[in-house]
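As structure tokens, the structure follows; a few thoughts come after it.
Coordinate-derived values only; no laboratory data. Everything numeric in this text was worked out from a predicted model, so none of it was measured. Positions of Cβ are generated from backbone atoms using ideal geometry, with glycine treated the same way; all protein chains shown enter the neighbour counts.
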């Protein structure tokens with residue numbers, strides 16, 4: 001029986017049995033990976049698998065938004081694959097994975113952290129999750145991380161880049177460049193592992209390296225002195241440190257920030273039209289976005305209309321989706337963005353994952369989907385190596401995936417640092433730089449070999465037809 005059909009069968013069985021909590025829906029075979037909040041699903045597991053042979057993995061995220069949808073879809077695909085391949089064997093018995101989601105609402109414009117903590121409490125105490133993956137917005141994850149640590153459960157973070165989460169793992173004080181120092185406690189926070197994305201400092205370093213490369217490339221191609229940069233960012237916690245980093249280091253590369261816009265996530269099209277007027281008036285030649293939500297669509301649509309003589313190169317999460325071209329009416333052409341994964345041979349597992357995801361969902365994966373997919377496989381490996389479902393006993397086996405012995409994942413070769421963060425490097429975890437080009441194609445562009453091997457590059461950088469400021 002196909003796993004897509006099995007979801008519907010399992011739900012029907014639960015309804016007939018009259019057990020469980022929540023709303024039960026019939027899911028037709030075409031609804032692969034369809035989400036019902038608070039409902040355990042076991043794609044790929046044999047029909048009739050007893051409950052005590054199901055490993056319950058909780059998915060926490062904004063499940064009605066792209067970030068949470070990605071986490072669910074990535075986890076579902078991995079769950080289906082692992083179960084179809086025979087599950088995991090512990091103590092001579094075969095076990096299969098199930099996943100259950102709760103909505104944290106953490107992508108809402110008006111964040112209500114109590115909703116995120118309520119979802120976390122429910123997934124632990126009512127849904128009886130044994131392990132957790134997910135998380136997206138720093139302010140929310142900071143709150144529900146504590147509840148998961150209280151429960152001494154493994155938490156695979158698949159959407160938050162802020163450094164502070166893994167700094168808490170270090171043991172001892174962690175000095176901050178801004179704000180109070182972080183007091184670390186390994187025994188308490190050792191259950192936290194970041195799987196996706198690379199942390200904010202690594203993202204900022206990667207972005208800085210690429211901008212420095214782009215500076216040289218544009219100078220060579222245009223014959224102009226490229227020295228003026230603008231930053232346009234969400235006015236949220238996670239962008240503050242990145243902005244400070246860029247402002248501090250860009251001058252060392254002969255680049256100055258001539259305009260910075262910190263916009264509210266409620267900003268509208270007219271606001272972005274004004275922002276582009278300001279940026280062009282400052283004669284910026286490179287504009288760096290730091291955006292995780294819907295503001296990216298407004299930014300690019302107004303960019304195409306205003307045609308400021310600057311190229312966009314930075315972080316715009318929604319632009320990772322293949323639907324972005326149509327959502328912007330092609331206005332995203334020329335935009336260069338950080339993207340964890342593309343259909344290129346980043347690792348030996350990347351293309352197979354990419355094709356499987358596209359086949360299952362008829363859409364390309366967001367970075368949170370890649371992270372959730374890899375988190376499921378990491379958990380499976382940790383359980384098998386530990387021969388245990390005890391989070392504390394699994395931790396040393398996850399820590400064993402280090403620089404000397406990384407875990408080959410779809411999003412990169414995962415090597416954990418001593419803070420349970422991702423090791424940055426061309427042989428480990430890194431971000432790609434991709435560009436939207438004419439006709440809605442997206443290519444991985446060169447970083448001059450500074451960030452990743454040239455053999456995974458799939459296209460040449462294209463410059464705006466209306467030019468770059470001199």
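Shown for 185, 108, 150: other C-beta atoms within 10 Å of each C-beta, ranked fewest to most, produce the order 150, 185, 108.
Computing Rg and the Kirkwood Rh from the Cα coordinates of region 105-159 gives a ratio, Rg/Rh, of 0.94.
Only Cα pairs under 8 Å and 6+ residues apart enter the sum, and on that basis the relative contact order of region 212-340 stands at 23 percent.
Note that region 339-382, at 10 °C in a medium of 1.306 mPa s, gets a Stokes-Einstein diffusion coefficient of 147 µm²/s from its Kirkwood radius over C-alpha pairs. The convex hull defined by the C-alpha atoms of region 272-325 has an orientation-averaged projected area of 3.4 nm².
Taking only alpha carbon atoms, region 374-470 gives an Rg to Rh ratio of 1.17, where Rh is the Kirkwood radius.
By the count of neighbouring beta-carbon atoms within 10 Å, fewest first, 336, 195, 221, 36 end up ordered 221, 36, 336, 195. Taking all Cα pairs closer than 8 Å and separated by 6 or more residues, the relative contact order of the chain comes to 15 percent.
Expressed as a whole percent, the proportion of Cα-Cα pairs in the chain lying more than 29 Å apart is 47%.
Can you give the FRET efficiency for residue 384 and residue 462, using 1/(1 + (r/R0)^6), R0 = 41 Å, r = Cβ-Cβ distance, to the nearest 0.05? Here the calculated transfer efficiency is 0.35.
Computed from the Cβ-Cβ distance with R0 of 30 Å, the FRET efficiency linking residue 392 to residue 89 stands at 0.90. Note that region 133-172 shows a convex hull volume over its alpha carbon atoms of 71 Å³ per residue.
Find how many whole Å separate the alpha carbon centroid of region 292-330 from the alpha carbon centroid of region 406-456. Taking the Cα centre of each part, region 406-456 and region 292-330 sit 21 Å apart. By its C-alpha gyration tensor, with a ≥ b ≥ c as the square roots of the eigenvalues, how is region 234-298 shaped: rounded for a/c under 1.5, else prolate for a/b larger than b/c, else oblate? Oblate shape, in that a/c is at least 1.5 and b/c is the bigger or equal ratio. Each principal axis of region 302-426 carries a Cα extent, and these read 58, 31, 24 Å when sorted largest first. The label point for residue 362 and the one for residue 277, both projected 7 Å from the Cα toward the Cβ, are 4.2 nm apart. Using Stokes-Einstein with the Kirkwood hydrodynamic radius over Cα pairs, what translational diffusion coefficient do you get for region 291-364 at 37 °C and a viscosity of 0.692 mPa s, in µm²/s rounded to a whole number? Reported coefficient: 245 µm²/s.
If r is the Cβ-Cβ distance from residue 117 to residue 185 and R0 is 30 Å, what FRET efficiency results, to the nearest 0.05? Once the sixth-power term is evaluated, E becomes 0.90. Both numbers refer to the Cα atoms of region 119-272; Rg and Dmax are 19.1, 63 Å.
Counted residue by residue at 0.36 nm each, then reduced by the alpha carbon distance between them, the extension gain from residue 252 to residue 343 reaches 29.3 nm. Under 1.5 on a/c is rounded, so check that first for region 70-143, then, if it is not, pick prolate when a/b is larger than b/c and oblate when it is not; a ≥ b ≥ c are the square roots of the alpha carbon gyration tensor eigenvalues. Judged from the Cα gyration tensor, region 70-143 comes out prolate (a/c at least 1.5, a/b above b/c). Our estimate of slack between residue 143 and residue 470, defined as 0.36 nm per intervening residue step minus the Cα-Cα distance, is 113.0 nm. Exposure proxy ranking for 420, 397, based on other Cβ atoms within 10 angstrom of each Cβ and starting from the fewest, stands as 397, 420. Under 1.5 on a/c is rounded, so check that first for region 236-367, then, if it is not, pick prolate when a/b is larger than b/c and oblate when it is not; a ≥ b ≥ c are the square roots of the alpha carbon gyration tensor eigenvalues. Judged from the Cα gyration tensor, region 236-367 comes out prolate (a/c at least 1.5, a/b above b/c).
Taking only the alpha carbons of region 389-431, we obtain Rg and Dmax values of 10.6, 33 Å in that order.
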